[in-house]
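The values are calculated or read from the model by the stated rules, or taken from the named source; none is laboratory data. If you're wondering where the values come from, they're calculated on a predicted model, not measured in any experiment. Here the Cβ is made from the backbone with ideal geometry for all residues, glycine too, and neighbour counts use every protein chain on show.
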Amino acid sequence: KVKSGCRAYVTFAGGIHIERTMGSKSTYIRAAIGGIEGRMLKKGDYFQIGAQPEMASRFILDLQKDARIKTKWAISNSVLPKYKKHPKLRVITDF
C-alpha cells in the first residue's frame, strides 16, 4: 500500500526570501536540507515573498479577467502522453 511519495512544487512570482543551501532555495526532504529547516511546509510557516515582476502582475490581471490561460505557444501533441480510458499506474516500492 502506497503511503507516501506525492510531490508538489510551489513557486512564487517574486521568489521567496529564505537562505540558499548549495546555491538553491529548494527543499530536499530526504536529506533534511534546504527550504525551511529541510522539511515540508506546514501550517503556520512564514516566509517573505519578493516583489512581483511586472510581467507576473500583468499575467495576474489577465487571469482575473478570464481564468483560462491564453498563450501564443502550445505543447506539441507529439510529446503528450497518449491517455487511455483505463490508464495503468505503476508504482516502485521500497525506494
- Task: Determine whether the range 22-36 contains at least one residue that is over 19 Å from the mean Cα position of the chain (by Cα), modelled with pLDDT under 85 and in a loop (DSSP other than H, G, I, E, B).
- Result: no
- Task: Filter the range 41-57 for residues that are exposed (fewer than 11 other Cβ atoms within 10 Å of the Cβ) and not in a strand (DSSP E or B) and give the result.
- Result: K42, K43, G44, Y46, A51, E54, M55
- Item | Tally, over the range 58-74, of residues that are surrounded by 10 or more Cβ atoms within 10 Å (Cβ to Cβ) and in a loop (DSSP other than H, G, I, E, B) | 0
